1. List every residue pair whose Cβ atoms sit under 6 Å apart, with the two residues 6 or more apart in sequence or on different chains, where the first one lies in segment 94-115 and is in contact (Cβ under 8 Å) with a residue 60 or more places away in the chain and under 13 Å from ALA68 (Cβ atoms) and the second, anywhere, is in a helix (DSSP H, G or I) and not small (Gly, Ala, Ser).
2. Give me a count of the residues in segment 107-128 that are closer than 18 Å to ARG192 by Cα and of a type in the set (S, T, N, Q).
3. Residue pairs, Cβ under 6 Å, 6 or more apart or interchain, first in segment 184-195 and under 11 Å from GLU98 (Cβ atoms) and touching a residue at least 60 places away in the same chain (Cβ under 8 Å), second outside any strand (DSSP E or B) and of a type in the set (Ser, Thr, Tyr). List them.
4. Consider ASP131 carefully, then state whether it is buried (at least 16 other Cβ atoms within 10 Å of the Cβ), under 18 Å from ALA96 (Cβ atoms), at pLDDT 75 or above and not small (Gly, Ala, Ser).
5. Tell me the residue from VAL29, VAL83, VAL15, VAL9 that is part of a strand (DSSP E or B), of a type in the set (Val, Ile, Thr), surrounded by 12 or more Cβ atoms within 10 Å (Cβ to Cβ) and at pLDDT below 95, please.
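The values are calculated or read from the model by the stated rules, or taken from the named source; none is laboratory data. Note that the structure is predicted; figures quoted are calculated from it, not measured. Every residue, glycine as well, gets a Cβ built from its backbone with ideal geometry; the counts of neighbours run over all protein chains shown.
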Amino acid sequence: MALRHTKLVVPAALVLSTLFVLPACSLNVKKGENGEDKKVDIQTSMGGIHVDKDADVRDTGLPVYPGARQKPKGDHDESGANVNLNWGPFGLRVVAIEYLTEDSPEKVIAFYKDKLKSYGNILECHTDGHDTDNVDVHMGDKSDKGSKELSCGKNQGKNLELKVGTKDNQHLVNIRSQESGKGTDFALVFVRTRNDKDKDTI
């Protein structure tokens with residue numbers, strides 16, 4: 001369940017690619033202990049992007065499963081990220097952190113069902129993906145009459161994804177057995193979008 005660039009963050013990536021051709025663009029990069037980029041801030045007159053690889057689990061609105069540890073970063077993948085895009089009338093925030101535990105998926109599922117119920121009805125979806133690629137977001141403007149109700153999409157596969165909320169404000173837990181067959185690999189995800197009719201910021 002590596003936190004790569006999923007369908008969810010494609011809009012942010014597209015905007016990022018255009019920022020450098022705009023006037024008055026400022027770039028601020030903070031390095032980590034090993035010289036890697038840990039925080040990136042890009043600001044233009046039209047908007048900006050903030051990326052922080054040290055995501056705080058409190059920003060997901062969910063607790064860490066007891067005894068779980070954050071998954072080590074892979075060669076090409078991050079185990080956590082906090083991405084905040086504000087671009088004119090549109091905003092997108094994604095917080096995602098991946099963890100490992102020696103406990104079974106059944107125990108992890110039961111724990112997060114209890115924690116998610118405070119946010120509303122829980123939707124149980126199934127996926128074969130290792131990424132959180134079953135995320136459904138609302139990115140319409142004020143004229144969009146589409147439903148913000150969450151759905152499961154294809155809803156097939158052996159991995160479980162618990163969803164609560166709406167397309168523009170949702171909490172997710174993606175759960176699967178570790179490849180070794182022992183323990184559980186799970187990701188906590190928070191997604192919030194804003195459009196031109198929303199009053200609050202992300």
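1. Cβ pairs passing all conditions: ILE97/VAL57.
2. Number of matching residues: 2.
3. As it stands, the answer is ALA187/THR132; LEU188/THR60; VAL189/THR132, since those pairs meet every condition given.
4. Numbers: buried (at least 16 other Cβ atoms within 10 Å of the Cβ): yes; under 18 Å from ALA96 (Cβ atoms): yes; at pLDDT 75 or above: no; not small (Gly, Ala, Ser): yes.
Taking the combined requirement at face value, the residue does not satisfy it.
5. Working: VAL29 fails: surrounded by 12 or more Cβ atoms within 10 Å (Cβ to Cβ); VAL15 fails: part of a strand (DSSP E or B); VAL9 fails: part of a strand (DSSP E or B).
Step by step, each of VAL29, VAL83, VAL15, VAL9 is checked, and only VAL83 is part of a strand (DSSP E or B), of a type in the set (Val, Ile, Thr), surrounded by 12 or more Cβ atoms within 10 Å (Cβ to Cβ) and at pLDDT below 95.
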